[in-house]
Ligand code: ATR
């Protein structure tokens, strides 16, 4: 039996075991996925365990997403640029740190019929998820990526690392924007901005109906932002899109097989349903 693992601390809240175990089962693979609770001082030991032959690969979550860039044997270019890894891939017993958030995000756009090439995108937030999203949009050929964040210094750091343009609400014409992406925690259950939308009221009413609003927050499933976008008649992508597809990309890297995305989505939906 082969094993894939999640390295996180705490490790209890992830939907990844449900998604990946369903995928292994659907493909009839003799493999399973387990969550390892790894405090920072045990990361090196955990990485050594992953180098053993029975391990397929791993996911990496907080607080290890940056530390694995140093602890792994090699680092993929996307992960280096974004400054964080969420996947470890085995190559001849060695560990390569990779980032599947950027390509997973792009796949979720494609699935929703959104073309990133030549798009004008507005990204809200400048944290870890924003780094992956901005990098993905730029690499996919977006014409303009505007970043709006509460803390200006974090926007400057993001722009210096992955590109894009610092912007503000006052300089934005919503009629010109094709894709809006929320990467902030505003609207998330249990966060300070619970029940709120990160986009000022009225702005989406002026957006053309072919515009798409993406929220990477997945709890609740329909955030106040997505509800506002839907009532303005816009296309929407909820937070399970990126979550499923970053998992599907990791699965393909570990196994070399096409990921059963529908099965993974169903397992994630059931997990989130049970968690809410
Ligand atoms: P992640 O790594 O998941 O992207 P993060 O690094 O904690 O998470 O980033 C959270 C983002 O949400 C940040 O951009 C944060 O803004 P600041 O850079 O100003 O901290 C943004 N955010 C969180 N709460 C917010 C709020 N109430 N209003 C506006 N932005 C908020």
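Using the Cα gyration tensor of the range 173-227, with a ≥ b ≥ c the square roots of its eigenvalues, what is the shape: rounded (a/c below 1.5), prolate (a/b larger than b/c) or oblate (neither)? It would help to have the intermediate numbers written out before the result.
Working: a/c = 2.45, a/b = 1.97, b/c = 1.24.
In terms of gyration-tensor shape, prolate.
How high is the relative contact order of the range 103-238, in percent, counting Cα pairs under 8 Å that sit 6 or more residues apart? Provide the component values of the computation, followed by the final result.
Values: 260 pairs, mean separation 28.7, N = 136.
RCO, the range 103-238: 21 percent.
With contacts defined as alpha carbon pairs under 8 Å and 6 or more residues apart, what's the relative contact order of the range 210-276 in percent? Walk me through the numbers before you get to the answer.
Numbers: 64 pairs, mean separation 18.4, N = 67.
Contact order relative to length: 28 percent.
Using alpha carbon centroids, what distance separates the range 117-174 and the range 203-276, in Å?
Cα centroid of the range 117-174 versus Cα centroid of the range 203-276: 20 Å apart.
Only Cα pairs within less than 10 Å get springs; with that Gaussian network setup on the chain, which residue of 20, 210, 135 has the largest fluctuation?
Its mean-square fluctuation being the largest, the pick is 210.
Using a ≥ b ≥ c from the Cα gyration tensor of the range 42-113 (square roots of the eigenvalues), is it rounded, prolate or oblate, where a/c under 1.5 gives rounded and otherwise the larger of a/b and b/c decides, a/b for prolate? The partial results should precede the final answer.
Numbers: a/c = 2.25, a/b = 1.77, b/c = 1.27.
Judged from the Cα gyration tensor, the range 42-113 comes out prolate (a/c at least 1.5, a/b above b/c).
Can you bin the range 103-238 into rounded, prolate or oblate? Criterion: square roots of the alpha carbon gyration tensor eigenvalues sorted a ≥ b ≥ c, rounded for a/c under 1.5, prolate for a/b above b/c, oblate for the rest. Let's see the in-between values first.
Working: a/c = 1.30, a/b = 1.11, b/c = 1.17.
Rounded, because the longest to shortest axis ratio a/c is under 1.5.
Would you calculate the separation in nanometres between label points at residue 91 and residue 152, each defined as 7 Å from the Cα along the Cα-to-beta-carbon direction?
Placing both labels 7 Å along Cα→Cβ, they lie 4.2 nm apart.
Counting other C-beta atoms within 10 Å, which of 19, 264 has the fewest, and how do the rest follow? Numbers along the way, then the final one.
On the way: 19 30, 264 25.
Fewest to most other Cβ atoms nearby, the residues stand as 264, 19.
Mean residue ellipticity at 222 nm from the helices of the chain, using -39,500 (n - 2.57) per DSSP H segment of n ≥ 4 over the full residue count, to the nearest 500 deg cm²/dmol? Show your work: numbers first, answer last.
On the way: 10 runs with 103 residues, N = 276.
Calculated from helices alone, the mean residue ellipticity at 222 nm is -11000 deg cm²/dmol.
Give me the number: length gained by fully extending residue 120 to residue 42, i.e. 0.36 nm times residue separation minus the C-alpha to C-alpha distance, one decimal in nm.
Working: separation 78, 0.36 × 78 = 28.08 nm, distance 4.32 nm.
Residue separation times 0.36 nm, minus the Cα-Cα distance, leaves 23.8 nm.
How high is the relative contact order of the range 79-140, in percent, with contacts defined as C-alpha pairs under 8 Å that are six or more residues apart? Show your work: numbers first, answer last.
Numbers: 56 pairs, mean separation 19.2, N = 62.
The normalised contact order for the range 79-140 reaches 31 percent.
Return the tail of the calculated pair distribution for the chain, meaning the percent of Cα-Cα pairs more than 34 Å apart. Walk me through the numbers on the way to the answer.
Numbers: 6808 of 37950 pairs.
Of all Cα-Cα distances in the chain, 18 percent exceed 34 Å.
No lab work stands behind these numbers, since they all come straight from the coordinates. Quick caveat, the model's predicted, so the values are computed rather than measured. With ideal geometry, Cβ positions are generated from the backbone for all residues, glycine too; neighbour counts draw on all protein chains shown.
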